[in-house]
Amino acid sequence: MLEVSNLACSRGDHLLFSDLNFSLSAGELLQVQGANGSGKTSLLRTLCGFMMPVAGEICWRGQNIRELGNTFYAEMIYLGHLNAIKDELNALENLRISAGLAGCKVDDKQVIAALRRMGLRGRETLPVKVLSQGQRRRVALARLLLSNASLWILDEPLTALDVGAVGLMQELIGEHLLSNGMVIYTTHQPLEVVGVATRWLALS
Amino acid sequence: MNWGEFFSMNGYAWYIWGSYGIALLIFFIEIVMVRHRKTLVLEQLHLMRNAEDVVT
Amino acid sequence: MVPWFSWSAAILFVVGLYVSFFVAPTDSQQSEAYRIMFIHVPASILSMFIYLVMAGYAALGLIFNTRLSSMMASALAPTGALLAFLSLWTGALWGKPMWGAWWVWDARLTSELILLFLYLGFIALHASIDDPRRADRASALLAIIGSVNVPIIYFSVQWWNTLHQGATVKFTGTSMHVAMQQGMYTMLLAVWLYAIAVSLLRVRCIILERECKAQWVSELVEVRR
Amino acid sequence: MNKLSLIGLLSLVIRRDLVLAMRRRADVLTTLIFFVIVVSLFPLGVGPEMDMLRKMAPGVVWVAALLASMLSLGRMFSADYLDGTLEQMMLVPQSLSALVLAKILAHWMVSGLPLVIMAPVLGLQFDMSAQALWVLIAALLLGTPILSMIGAVGAALTLGLRGGGALVSLLVLPLCIPVLIFGAGAVEAVVSGTSAGSHLALLGALLLVALVFTPWVTALALRISME
């Protein structure tokens with residue numbers, strides 16, 4: 001489904017990596033590894049099309065993502081370092097908007113169900129600025145539950161999460177993979193998904 | 001035509017020499033700055049080369 | 001190539017200055033003051049021309065993602081800004097004895113001033129972005145927007161001026177003396193060659209700065225020394 | 001789950017930005033108060049002769065509107081950039097230009113429209129005639145969206161830069177000169193007894209041109225800045 005061939009990326013004039021090849025098909029989990037500054041985030045941002053690769057191409061279902069454009073964006077979801085939630089809005093409004101931006105209409109019931117699943121019962125209508133870092137991250141992660149994208153691109157999804165939430169994430173990723181989804185993520189914490197072999201991609 | 005007459009420019013000396021003076025000054029400063037930048041870059045490159053020599 | 005351009009620029013400068021000060025006769029209407037024109041006109045023409053060239057290079061760099069043309073664009077900007085400033089300065093010095101005012105809100109003057117602002121904006125934007133690739137692309141976009149806007153600004157200023165006070169300023173020298181023309185053309189060519197020489201010199205610095213890790217740089221004669 | 005149409009998306013973005021602006025009312029009010037104060041300072045600076053004030057009024061109001069709109073430009077994209085929402089907006093499976101247009105519209109409603117509403121009151125301070133006031137409103141209605149659009153390009157180019165606020169003014173102000181000329185010219189034409197029609201028509205033409213090109217250019221600038 002997702003194929004990356006001869007990819008080279010640079011940050012400024014500094015070459016991060018080159019000749020990167022990998023592919024990912026339905027139900028697979030790929031963990032990107034590497035030291036700080038090895039280009040993990042840049043790789044994920046290139047996959048999203050934010051950054052132009054210096055060389056090589058990224059194909060989704062056999063077509064270059066630059067040509068696919070919106071059809072590709074409709075099938076993927078990206079979660080970056082930043083939570084992309086607004087302090088002034090409450091969790092419910094935040095999720096309603098971000099789901100809207102992702103192109104889906106959701107009703108409040110679904111949103112509340114997603115927030116409860118993420119362990120935020122009773123905090124749905126509090127302004128996000130009173131929530132803790134970990135709770136904000138949970139709000140951001142709840143977007144995964146509301147989207148029907150098949151490719152998840154997660155940049156450090158586990159930062160600020162407690163043990164319980166990490167377990168929940170493992171569960172979520174497992175379910176997503178079972179329904180033929182794909183996940184690419186970076187992390188410095190161990191993440192074990194039951195019944196699925198994690199593939200590794202090392203950047204040096 | 002003597003030099004005094006020439007430099008007085010029929011009463012317009014300030015205007016004319018003012019413009020040409022500034023023009024030459026600008027060209028001169030620009031050239032000096034670019035040359036200075038060049039020596040800086042070359043120094044930087046020398047430093048980098050020397051650092052590599054030490055490592056290898 | 002740089003020495004070639006700079007030497008011919010220097011020679012032409014000397015020739016041009018000789019022609020404009022010793023050969024060209026005194027103008028009947030403007031007396032000696034018209035001699036400012038020999039530096040003012042080339043500076044104005046080139047400041048506009050360099051903007052177009054710069055925007056062209058910038059567009060090439062943006063569309064085809066070629067680094068060299070972006071570097072060339074950023075090398076041209078300071079020279080263009082200086083020439084625009086020079087043109088304003090000499091224009092003011094010419095305007096004072098001729099029109100009795102340092103500055104007139106004429107369409108030409110105002111557009112030249114805005115051109116200077118556009119150059120400064122380009123340089124400032126390029127300087128304040130740390131990532132050189134983003135700096136190239138962002139300032140290229142700005143240069144293109146500017147070049148689209150310059151005609152609009154020119155015509156709106158012209159219209160604004162004529163609406164307010166009627167056209168006041170006209171170029172008086174209708175039939176120029178042959179020596180004047182020769183002096184003007186020589187100076188134009190000299191400034192032109194100077195601009196080429198200095199921006200080539202600057203682009204070399206920029207290339208050396210940006211490509212300092214490339215293999216070929218360390219093999220250059222100047223670096224080896 | 002249902003797909004969201006383009007119009008639905010645009011209204012979502014506009015509503016979102018308006019709600020956010022309402023929750024941060026202080027920012028909106030600051031721009032408006034700045035506008036009022038700048039306009040009120042001019043009579044104190046140049047003296048209270050009514051004739052001169054009447055003559056200066058259109059220019060003063062327009063320059064103040066220009067400066068006030070510069071003040072609010074920084075907010076257009078930077079908050080979204082800092083908390084990552086802008087990244088998500090670029091992944092929206094719709095055209096980014098349309099989304100940018102929605103943001104520009106929202107920005108105009110928050111920072112341009114209050115100026116238009118406030119302007120007649122300030123015009124009375126300068127003893128403008130009723131007819132001149134109407135033309136002033138019309139010109140501001142046509143002109144302030146252009147300021148928002150040109151400003152959006154500048155804001156997108158300077159996204160996340162140190163000293164972005166001063167830089168954006170340096171980039172945007174020279175480009176706004178035609179708007180200033182025709183906007184102030186329309187009012188002045190009425191004051192001096194001629195028709196403002198041609199000025200307003202030119203402003204309208206500029207608005208159309210800006211409407212076609214600036215969202216696209218801003219989207220391009222955002223992509224460059226996000227790299």
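Among the residues of the stretch D:23-47, just one is under 19 Å from residue D:115 (Cα atoms) and at the interface with chain A (Cβ under 9 Å from one of its Cβ atoms), namely D:24. If you check residue D:75 against the conditions, is it touching a Ser or Thr at 6+ places or on another chain (Cβ under 9 Å), modelled with pLDDT under 90 and more than 10 Å from chain A (Cβ to nearest Cβ)? Against the criterion (touching a Ser or Thr at 6+ places or on another chain (Cβ under 9 Å), modelled with pLDDT under 90 and more than 10 Å from chain A (Cβ to nearest Cβ)), residue D:75 qualifies. Which of the residues spanning the stretch D:1-52 are under 17 Å from the mean Cα position of the chain (by Cα) and exposed (fewer than 12 other Cβ atoms within 10 Å of the Cβ)? Correct list: D:29 only.
Table: residues versus (1) over 17 Å from the mean Cα position of the chain (by Cα); (2) facing chain C (nearest Cβ under 10 Å); (3) open to solvent by less than 90 Å² (accessible area, probe 1.4 Å); (4) at pLDDT below 80.
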position	(1), (2), (3), (4)
B:1	yes, yes, no, yes
B:4	yes, no, yes, yes
B:39	no, yes, yes, no
B:44	yes, yes, no, no
B:53	yes, no, no, yes
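Within the set A:121, A:61, the sole residue that is over 26 Å from residue D:9 (Cβ atoms), open to solvent by 20 Å² or more (accessible area, probe 1.4 Å) and more than 8 Å from every other protein chain (Cβ to nearest Cβ) turns out to be A:121. For the stretch A:64-113, the tally of residues that are more than 9 Å from chain D (Cβ to nearest Cβ), outside any strand (DSSP E or B) and over 27 Å from residue A:10 (Cβ atoms) stands at 10. Between D:120, D:93, the distinction of being within 14 Å of chain A (Cβ to nearest Cβ) and either more than 17 Å from residue D:217 (Cα to Cα) or at pLDDT 90 or above (or both) belongs to D:93 only. Restricting the first member to the stretch D:161-175 and to residues that are facing chain C (nearest Cβ under 9 Å), and the second to residues that are polar (S, T, N, Q) and assigned to a helix (DSSP H, G or I), the beta-carbon pairs closer than 7 Å and six or more apart or on different chains are D:161/C:128; D:162/C:128; D:163/C:128; D:167/C:128; D:175/C:149. Looking across the stretch C:134-153 at every residue that is in contact (Cβ under 8 Å) with a residue 60 or more places away in the chain and at the interface with chain D (Cβ under 7 Å from one of its Cβ atoms), the one that is farthest from residue D:217 (Cα to Cα) is identified as C:137. Do we find that residue D:55 is open to solvent by 70 Å² or more (accessible area, probe 1.4 Å), within 13 Å of another protein chain (Cβ to nearest Cβ), in contact (Cβ under 8 Å) with a residue 24 or more places away in the chain and in a helix (DSSP H, G or I) in this structure? Spelling it out, residue D:55 is indeed open to solvent by 70 Å² or more (accessible area, probe 1.4 Å), within 13 Å of another protein chain (Cβ to nearest Cβ), in contact (Cβ under 8 Å) with a residue 24 or more places away in the chain and in a helix (DSSP H, G or I). Evaluation of residue A:80 against the conditions (1) open to solvent by less than 30 Å² (accessible area, probe 1.4 Å); (2) within 21 Å of residue A:182 (Cβ to Cβ); (3) in the same structural domain as residue A:200 (by TED's automatic domain parsing) shows that the sole unmet condition is (3).
Residues that are open to solvent by less than 30 Å² (accessible area, probe 1.4 Å), free of Cβ contacts under 8 Å to residues at least 60 places away in the same chain and more than 18 Å from residue C:198 (Cβ to Cβ) do not occur anywhere in the stretch C:74-81.
The residue pairs whose first member lies in the stretch B:13-28 and is more than 7 Å from chain C (Cβ to nearest Cβ), whose second member is in a helix (DSSP H, G or I) and open to solvent by 20 Å² or more (accessible area, probe 1.4 Å), and whose beta carbons are closer than 7 Å, counting only pairs six or more residues apart or on different chains, are B:13/B:7. Those residues that are open to solvent by 10 Å² or more (accessible area, probe 1.4 Å), of a type outside the set (A, V, I, L, M) and either touching a residue at least 12 places away in the same chain (Cβ under 8 Å) or assigned to a strand (DSSP E or B) (or both), I need them from the stretch A:9-30; list them, please. Answer for the stretch A:9-30, where residues must be open to solvent by 10 Å² or more (accessible area, probe 1.4 Å), of a type outside the set (A, V, I, L, M) and either touching a residue at least 12 places away in the same chain (Cβ under 8 Å) or assigned to a strand (DSSP E or B) (or both): A:10, A:11, A:14, A:17, A:18, A:19, A:21, A:22, A:23, A:25, A:27, A:28.
With respect to residue A:175, determine if the residue is open to solvent by 30 Å² or more (accessible area, probe 1.4 Å) and among the acidic types (Asp, Glu). Considered against the rule, which asks whether it is open to solvent by 30 Å² or more (accessible area, probe 1.4 Å) and among the acidic types (Asp, Glu), residue A:175 comes out as yes.
Scanning the stretch C:95-130 for residues that are outside any helix (DSSP H, G or I), within 13 Å of chain D (Cβ to nearest Cβ), open to solvent by 50 Å² or more (accessible area, probe 1.4 Å) and more than 21 Å from residue C:156 (Cα to Cα) yields a single hit, C:130.
The values are calculated or read from the model by the stated rules, or taken from the named source; none is laboratory data. Being a predicted model, the structure only gives us computed values, none of them experimental. Positions of Cβ are backbone-derived with ideal geometry, glycine not excepted, and every protein chain shown enters the neighbour counts. For accessibility, only protein heavy atoms count, side chains too; no ligands or nucleic acids. Shrake-Rupley method; radii C 1.70, N 1.55, O 1.52, S 1.80 Å.
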